Every structure is written in structure tokens, then in C-alpha cells.
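The values are calculated or read from the model by the stated rules, or taken from the named source; none is laboratory data. Keep in mind that this is a model prediction, so the values were computed, not measured. So basically every Cβ, Gly included, is an ideal-geometry build from the backbone, and we count neighbours across all protein chains shown.
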């Protein structure tokens, strides 16, 4: 075979491989895709088998700003640690932690209070275009790197870090999920939905709509879960994701009533899980929001079917749905020590302080260098 033919065979073979790799996932058959096989179709159906009133309404409070000691002591702990669910067990929430400027001693403390720690990325780049067009290699550095940083510098067992959220809720299609799987994540919480949906797996084709700022996956990724971010209607009547973008007004009673009404819309229709995305701007940019959120959480405590859980607790429930009277949340009881170090580190021409639960690295951990144990030009 001459060299030209050989090259043509290689090119044609590579083309065929791409076609196979890019073949869309098949339509889901619910008789085959069952929870017993760690599979669930992406449709509007619920896992409930009797009347709606019998079943729990799950709410997950999520936060994805960098963790600081001030936010931990002044906001998160006072709001959350005294609350219990109808099963008399403490509530939980999920913190998707970015790296830049995070205090890892505070992350360790939050973890030891029983809250879930997930990954938000190393850079938390604010440009949706960065995430939408990112290569698989870049996303692996962002997400796998931050998972390693959280585990090492906050002293959290790496297998406890199950969830991931891409900044700006902006996916890069199949590339995102491939990067997630390379980092051994269990679920994603980046995919926005205006239609209330329950968690599902990517064994088969997703029926969830794709927002204009994202490229959504269309290949099959067996056993990988999507926890849809079911959007809410803001105080101004417009669809929103972060609470700070929901047309917030200044009166605490108006804010708490609005949040309560958004929950009741789901409680009275589908009881699809609700993710509330609470950013720091919600507290710093408006008056009375801290008080309002406290009132809202007390309102939820009075509802015997409402459970405030982490995303990992929600996934455990999906594997074995139970009615509201028999459900018991999986309460976290482990803890890890933190031998605190305050590290003064170089990041290029800058100097950064980093509180952590490990020996100080040589330089500030970053993309391609999550250990911070070598000088990067």
C-alpha cells in the first residue's frame, strides 16, 4: 500500500471513530432504565406511587462562592446549624466551593457540621464563553484539580466530594461530562430547567431543554446523574437562578413570602426537588435578606413534608424513595481534624494568603499545579 492510500485510510478511520463517539444517546425506555440498575429517564414523571401528599418535598440550599471565615461565622452557621427536619435530624445543604480566595480551614469546619462539599472550579472564571468553549483538558484541570485541592487542603475524604457545578451554569456539552467522569464525580448541578424535573441519569438521551448559554450533552454516560436546577420566578415575575437576580425587594416579609410561595407551587403540583442558589450578593446587595431567609426557613420547618437536604442525600433518596413518614435523612456523623496553617504564597507576581489544614505548599495552587509544590513559570 502506498503512503497516500495509507494516509487516506487513517483519515477515514479517524472520521469513523468520531462518528461512533459522537453518536447521540438513544431514547430512554423506562422499562429497561430502572432505579435498580442505577438508571432513571429524564422526564417529568415522579418516583411517587401514591397521592402527592404522602411524599416529601425536598429543598437543597446551595452556595457557590469562595468560603470565608466571616461568611461561615456571620451567615451560614447562624442560619443553618440549629434547624432540624421533620425526622428530627439536622438539615443539610451543599456548598460548591471554588478555589480562588477560599479559606480551607472554614471549609473543613463546614464539612464537620454535616454539610456537603462539592466542586465549583479553580478559577471561577466569570465568562460563560470560557466554560462553553473549554477543552476537556482545561475542564479536567478546573474540576479534578479543585477536587484534589479541597481534599488535601481542607482534609476532606476525596470520595466524599461527589458533586460539581460549572460556574455560570454553563456546560460545554459532552466535554463537560467527560471531564466530570475523569474526576470521578457522581452528579452535575449545572443544567437549568424551566420545567420541574426530578434527578435522572445520562444512560439515555436527555429530554431536558438546553439554555442559550450552554452546550448540553447528547451522548450516553451510564450511571452519571443530573440534578436539574429547576428555575423559579423572581419577585419581578421573571425566571431566575441566583436569588440575587430575582428582583429582590427590601421588606423581609415580602421576600420570605415570595420564597414560601415558590416552594408551595411545587408542593401542590409535582414535588420535584427545588435547588435554591444563594449567592453572597443576596446578603450584601439588599436589605433584610438575612432576616428574610431566616423567616423562610422557619416557615419550612413548620411544614411536615418539607426536608432541607444536600444533593448527595437527595440522590440516596432517589435510589430508594420513601413516603414522608418513613423517610429518614442520612445524617453525616464523621469529622476530620484541621491542623491550621496560614500560608503566605506566591501566585505569579501576586502574594496570596491561604488558610488550610495541611503543610504550606511552595506556591499558590492553581491550574495544572493543584498541589502548589513546584514553581510554575
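Residues are listed down the side, and each one gets a yes or a no for (1) closer than 30 Å to residue 48 by Cα; (2) under 17 Å from the mean Cα position of the chain (by Cα):
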position	(1), (2)
152	no, no
159	yes, yes
173	no, yes
187	yes, yes
191	yes, yes
221	yes, no
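Quick one: would you say residue 339 is over 17 Å from residue 101 (Cβ atoms), touching a strand residue (DSSP E or B) at 6+ places or on another chain (Cβ under 8 Å) and modelled with pLDDT of 95 or more? In short, no.
Applying a threshold of 6 Å to beta carbon distances and a minimum spacing of six or more residues, or different chains, the list of pairs starting in the range 108-125 at a residue that is at positive phi and touching a residue at least 24 places away in the same chain (Cβ under 8 Å) and ending at one that is surrounded by fewer than 24 Cβ atoms within 10 Å (Cβ to Cβ) and in a strand (DSSP E or B) reads 114/90; 121/98; 124/98.
Here the helices (runs of 4 or more DSSP H) wholly within the range 32-140 that include at least 3 residues being more than 30 Å from residue 204 (Cα to Cα) are 77-80, 104-112.
In summary, residue 179 fulfils each of the numbered conditions (1) part of a loop (DSSP other than H, G, I, E, B); (2) touching a residue at least 12 places away in the same chain (Cβ under 8 Å); (3) farther than 22 Å from residue 303 by Cβ with the single exception of condition (1). Between 64, 74, 43, 53, the distinction of being surrounded by fewer than 21 Cβ atoms within 10 Å (Cβ to Cβ) and within 20 Å of residue 276 (Cβ to Cβ) belongs to 74 only.
Find the strands (runs of 3 or more DSSP E) located wholly in the range 260-368 whose residues include 3 or more that are in contact with a helix residue (DSSP H, G or I) (Cβ under 8 Å, 6 or more places away or on another chain), and list them.
274-277, 350-356
Among the residues of the range 91-127, the ones that are surrounded by fewer than 18 Cβ atoms within 10 Å (Cβ to Cβ) and farther than 22 Å from residue 283 by Cα come to 2 in all. Looking across the range 304-357, the residues that are farther than 25 Å from residue 165 by Cα, surrounded by 17 or more Cβ atoms within 10 Å (Cβ to Cβ) and either in contact (Cβ under 8 Å) with a residue 40 or more places away in the chain or under 22 Å from the mean Cα position of the chain (by Cα) (or both) come down to 305, 324, 327, 338.
Cβ-Cβ distances below 6 Å connect the following pairs, each with a first residue in the range 264-286 that is free of Cβ contacts under 8 Å to residues at least 60 places away in the same chain, a second residue that is not in a loop (DSSP other than H, G, I, E, B), and a separation of six or more residues or different chains: 281/244; 282/243; 282/244; 282/289; 285/244.
Taking the criterion of being assigned to a loop (DSSP other than H, G, I, E, B), in contact with a helix residue (DSSP H, G or I) (Cβ under 7 Å, 6 or more places away or on another chain) and farther than 15 Å from residue 311 by Cβ, the only residue of the range 191-210 that qualifies is 196.
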